[in-house]
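Student: Please find one structure pasted underneath; my questions will follow.
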Amino acid sequence: MAKLYEERKMFEFEWEGLIVIQPLNVQEIVNEGKELSHCVAGYAKRHASGKLHILFVRHKDAPDVPFYTMEVDLNGYIVQCRGFRNDMTAPKDEHVIEFEKVYQKYLKIIFKRKRKRGKSA
């Protein structure tokens, strides 16, 4: 995962008190799923092999506290962004919904740059 970690640095992002960080290892993905009571651990091997990207959305002032988990596909699209129990116990935070829109625009820019350089994500 070390090589992929460096390539995924482009995913790190900050906007209005929220940040996107990437997991350091598979265990962090497993822990994320336990903390937020959702199934992200089932995606850990695919993340480790580069088949998809798992990212953590955090409050900037609490970067170690799970908040939302995001899956981004190899084309730079947000597939899902889930909070505690997949947002089934409470509606998705409005600030997170807006954050997703802004982050998707950011992804579009960085993936367009990568395609121009002839590299895959």
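Student: Which residues, taken from the stretch 68-82, are exposed (fewer than 15 other Cβ atoms within 10 Å of the Cβ) and hydrophobic (A, V, I, L, M, F, W, C)?
Tutor: Leu74, Val79, listed by residue number.
Student: Hey, among Val102, Val40, Val65, Val26, which residue is buried (at least 19 other Cβ atoms within 10 Å of the Cβ) and among the β-branched types (Val, Ile, Thr)?
Tutor: Only one candidate passes the filter, namely Val40.
Student: Starting from the stretch 75-104, keep only residues that are under 22 Å from Asn31 (Cα atoms), then list their pairs with residues that are assigned to a helix (DSSP H, G or I) and open to solvent by 80 Å² or more (accessible area, probe 1.4 Å) whose Cβ atoms are within a distance under 8 Å, requiring at least 6 positions of separation or different chains.
Tutor: Ala90/Phe84
Student: Considering only the stretch 73-96, how many residues are closer than 23 Å to Ala41 by Cα and either among the charged types (D, E, K, R) or in a helix (DSSP H, G or I) (or both)?
Tutor: Residues flagged as closer than 23 Å to Ala41 by Cα and either among the charged types (D, E, K, R) or in a helix (DSSP H, G or I) (or both) within the stretch 73-96 amount to 9.
Student: Would you mind finding the one in Ile54, Ile29 that is in contact (Cβ under 8 Å) with a residue 12 or more places away in the chain, among the aliphatic types (A, V, I, L, M), part of a helix (DSSP H, G or I) and in contact with a strand residue (DSSP E or B) (Cβ under 7 Å, 6 or more places away or on another chain)?
Tutor: Ile29
Student: If you scan the stretch 105-121, which residues turn out to be within 16 Å of the chain's Cα centre (by Cα), open to solvent by 100 Å² or more (accessible area, probe 1.4 Å) and either more than 22 Å from Lys51 (Cβ to Cβ) or of a type in the set (A, V, I, L, M, F, W, C) (or both)?
Tutor: Lys105
Student: Would a scan of the stretch 83-96 turn up a residue that is open to solvent by less than 40 Å² (accessible area, probe 1.4 Å), within 15 Å of Phe11 (Cα to Cα) and β-branched (Val, Ile, Thr)?
Tutor: no
The values are calculated or read from the model by the stated rules, or taken from the named source; none is laboratory data. Here the structure is a predicted model, which means the values were calculated and not measured. Note: ideal-geometry Cβ built from the backbone for every residue, glycine included; neighbour counts use all protein chains shown. SASA here: full protein model, heavy atoms, side chains in, ligands and nucleic acids out. Shrake-Rupley method; radii C 1.70, N 1.55, O 1.52, S 1.80 Å.
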